[in-house]
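Note sheet for the following structure.
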Amino acid sequence: MNAMRRTISTVAATLVWLVALAVPASAHSVSGVSATNFETTLTGMSPRIPGVRVEVIEAGSRLELTNTTDADVIVYGYQHDTPTTDQYLRIGPDGVFENTRSPAVYLNSVRRGNVAVPGTADPTAPPQWKKISSGHTARWHDHRTHWMSDQNPPQVRRAPGEEHLIDRFEVPMSHDGRVVTVTGTLTWVPGPSSAPWWLLAVGLAAVTAALILVGRGGRWAVPLVAALVALVLVDAVHAAGIALAAAGSLPSQLGKLAGGSFASFIAWAVALAGIPFLRTRDDDGLWFAGFAAVFIALVGGVSDVGDLSRSQVPFAWGAGLARALVAITLGLAAGLLASVVVLLLRHRRREPVEQLAPAASDA
């Protein structure tokens, strides 16, 4: 193994090890939610206010409220008893404000609500408003609207294959001093069978490996490069669909793509760097391809395998496409990796013969 291959192996093996350790904690998510079977649905706003719109976004992870009227909307926190207690958000013509005395400001900063509330928070104290946006839209994790426990509800544990109404919730608000109530439901919706998607992955792996390995000599290079490029493109589309499922402007979504797909960028770079070696049928290209396949399989496939069997998938272009992309990623990566191993073993078996050939001719 030459110095370049040793360097590639050491660096790539280290990165693969780090990614493998991080996969359980770094599954693709949108605002803290990955694929789930809990569906959040808004059922009404009473009374309805023209110019005020409330929606569920990001697979139930957050609520979004837009107010284009001339009066403020106040969203109340979890300890709201009177019109003056626990005022959490204020959205109106002057922008979006949060009350730093409301415990909800801190609890809602993450989806799980597992943060410490400072002692200065007091839902009964007069509000201390802090401006957080000049727009007319607020987005927040409202823990009344999604399931918070690590353990499924009892009825789900008894019959996970059936649909269950888990809760009916209310989010109290006011508009120009008038009480407004937003209502909704939290429902367990079983996901589809993952069997067809696994069949797709296995079939694609077999076809990919067959197309690469069927030829002798150097004819493996073209189909291997094609499969590697396809794997990168599929993973890029998958990463983009997850980033664009997040609410907000396009620049903020692109920022989420950059921040949430750092490991994928490494994999794509490794794959593209290996193509020139593969085109000349250099074994170093096989090492590049193999490590890229492992990277992408871990980050874009294994980490999102829940998409295959859950009903609510945070993806910009629909759950069906997300499932297909995960299955294709797993299939292409497995076929590529199997091909790389076989080709490296073939080439290794030929090396002693090639090294002895000149000595044999001299004799």
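The values are calculated or read from the model by the stated rules, or taken from the named source; none is laboratory data. These figures come from a predicted structure and were not determined experimentally. Backbone-built Cβ (ideal geometry, glycine too); neighbour counts: all protein chains shown. With ligands, DNA and RNA removed, areas are computed over all heavy atoms of the protein, side chains included. Shrake-Rupley method; radii C 1.70, N 1.55, O 1.52, S 1.80 Å.
Assorted remarks:
- Carbon plus sulfur fraction of accessible area for the range 144-286, probe 1.4 Å, in percent: 64 percent
- For ASP72, residues with placed amide H under 5 Å, excluding near neighbours: ASP176
- Longest exposed-site-free window of the chain, the sites being trypsin sites (Lys or Arg not before Pro) in a DSSP loop that have at most 10 other C-beta atoms within 10 Å: 49-215
- Label-point gap, in nm, between SER133 and ASP167 - each point 7 angstrom along Cα→Cβ: 2.3 nm
- Alpha carbon centroid spacing (whole Å) that separates the range 84-124 from the range 141-183: 19 Å
- In a simple Cβ point-charge model (Lys, Arg +1; Asp, Glu -1; nothing else charged), the range 143-260 has a dipole of about 360 debye relative to its Cα centre.
- Positive-end extreme of charge dipole, the chain - chosen from TRP147, LEU213, ALA226 (charges on Cβ): LEU213
- The structure shown yields Rg/Rh (Cα atoms, Kirkwood Rh), and of the options (i) 1.13; (ii) 0.98; (iii) 1.06 that calculated value carries the label (i).
- Per residue, in Å², the accessible surface of the chain once ligands and nucleic acids are set aside, probe 1.4 Å: 48 Å²
- Label-point gap, in nm, between ALA230 and THR100 - each point 7 angstrom along Cα→Cβ: 5.6 nm
- In plain terms, the chain from ARG219 to ARG48 could stretch by 54.9 nm, reckoned as 0.36 nm per residue minus the Cα-Cα distance.
- Dipole of the chain [Lys/Arg +1, Asp/Glu -1 at C-beta], most positive-end residue of ALA116, SER309, ALA195: ALA195
- Basic side chains Lys and Arg get +1 at the Cβ, acidic Asp and Glu get -1 at the Cβ, and with that the dipole of the chain about its Cα centre reaches some 920 debye.
- Span-like helix criteria (full DSSP H runs; alpha carbon extent of at least 18 Å along the helix axis; mean Kyte-Doolittle hydropathy of at least 0.5) are satisfied in the chain by 3-22, 195-213, 221-244, 262-279, 283-296, 319-362.
- The modelled label-to-label distance between VAL110 and ARG279, using points 7 Å beyond Cα along the C-beta direction, is 4.7 nm.
- Projecting the Cα positions of TYR88, LEU286, GLN128 onto the charge dipole of the chain (unit charges on Cβ atoms of Lys, Arg, Asp and Glu, taken about the Cα centre) puts LEU286 furthest along the positive direction.
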